[in-house]
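**Q** Starting off with a structure, shown below.
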Amino acid sequence: MLLALRYGKIAPMAEPAQDRALLLREDLSKEYYAILNVVSNYDGWLLIVKGWSVTLSLAALGLGFQQKHFALFALAAVTGSAFWFLDGLMKGYQYRYYVRMREIEYTAYLINRVPLGGKYGDKEISAPRIDMTWGFKGYRVDKDKPPPDHDLRAEKPEPGHDGHADEPDWRADEPWRRSPQDIYSDLRGRFWWANVALPHAVAVALGAVLFIAAALNAPGLEQLHL
């Protein structure tokens, strides 16, 4: 027997399922907070992109008036468009990390959920769930109508919609996964999100309007030339 073990003829005993779950929990936790750090870094990089967009677009607009060349207005619009596109690309890369964060939150719920009682009632709570609860906005104060009871909640928000102001409290619910359809839709429409489009859209619109107005010799812009 010992010789057989020594020369590898008998397979070692498999790890208990509980040990494997513990190892998975540790790996998920490490991955989650590593992703959270990457997401936070993306926010800083996106602010830099927006800062350069505003700086270069305003500089082009200012030079257009100073040098009396309205072609620089078009340059401001093109510059804003380029940074807008770059902002959207980076937001798409960041969003993919959000998808993985939600997957980890759902998986962690299956592994480590625990009933706590108290205001949670019979709900089983797990961690982490930063991405899931980020969209919770609370409720308006209405003296004539009490806030909805979280125990009366019949179903979770639809995938891709993190709750509505008139829904009961869903923060302690089971995390839900983002559907492939919602992921696709969000990635396709991310360029039109307000936090992506601004301030680039303002620079594009202002540059385009000034360029067209100067080309048509609008009042106050007659002295400008191409």
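The values are calculated or read from the model by the stated rules, or taken from the named source; none is laboratory data. Note that this is a predicted model, so its numbers are computed, not measured. Here the Cβ positions follow ideal geometry from the backbone for every residue, glycine too, while neighbour counts run over all protein chains shown.
**Q** Given the criteria over 13 Å from the mean Cα position of the chain (by Cα), at pLDDT 95 or above, farther than 29 Å from Phe211 by Cα and in a helix (DSSP H, G or I), does Tyr33 qualify?
**A** Yes.
**Q** Taking the stated definitions as given, is Val39 modelled with pLDDT of 95 or more, touching a Phe, Trp or Tyr at 6+ places or on another chain (Cβ under 6 Å) and not polar (S, T, N, Q)?
**A** yes
**Q** A further question follows. Is it the case that Ala17 is modelled with pLDDT of 75 or more, farther than 30 Å from Arg129 by Cβ and among the aliphatic types (A, V, I, L, M)?
**A** Criteria not met by Ala17.
**Q** Looking at the range 99-139 only, could you name the residues that are free of Cβ contacts under 8 Å to residues at least 12 places away in the same chain, small (Gly, Ala, Ser) and not in a helix (DSSP H, G or I)?
**A** Selection gives Gly117 alone.
**Q** Is there a residue in the range 75-83 that is buried (at least 18 other Cβ atoms within 10 Å of the Cβ), in contact with a Phe, Trp or Tyr (Cβ under 8 Å, 6 or more places away or on another chain) and either at pLDDT 95 or above or in a helix (DSSP H, G or I) (or both)?
**A** Among the residues of the range 75-83, at least one is buried (at least 18 other Cβ atoms within 10 Å of the Cβ), in contact with a Phe, Trp or Tyr (Cβ under 8 Å, 6 or more places away or on another chain) and either at pLDDT 95 or above or in a helix (DSSP H, G or I) (or both), which makes the answer yes.
**Q** Pull out all pairs, ordered by first then second residue, where Cβ-Cβ is under 6 Å, the residues are six or more apart or on different chains, the first lies in the range 195-223 and is free of Cβ contacts under 8 Å to residues at least 24 places away in the same chain, and the second is surrounded by 15 or more Cβ atoms within 10 Å (Cβ to Cβ) and part of a loop (DSSP other than H, G, I, E, B).
**A** Correct list of pairs: Ala213/Leu221.
**Q** Where in the range 180-226 are there helices (runs of 4 or more DSSP H), lying wholly inside it, with at least 1 residues that are surrounded by 17 or more Cβ atoms within 10 Å (Cβ to Cβ) and of a type in the set (Gly, Ala, Ser)?
**A** Hits in the range 180-226: 200-215.
**Q** Consider Arg96 carefully, then state whether it is at pLDDT 95 or above, in a helix (DSSP H, G or I), under 21 Å from the mean Cα position of the chain (by Cα) and crowded, with 19+ Cβ neighbours inside 10 Å.
**A** No; evaluated as a whole, the condition is false for this residue.
**Q** Also, quick follow-up: Quick check on the range 102-124: of everything there that is in contact with a helix residue (DSSP H, G or I) (Cβ under 9 Å, 6 or more places away or on another chain) and among the hydrophobic types (A, V, I, L, M, F, W, C), which residue is farthest from Ile183 (Cα to Cα)?
**A** Residue satisfying both the conditions and the ranking: Ile111.
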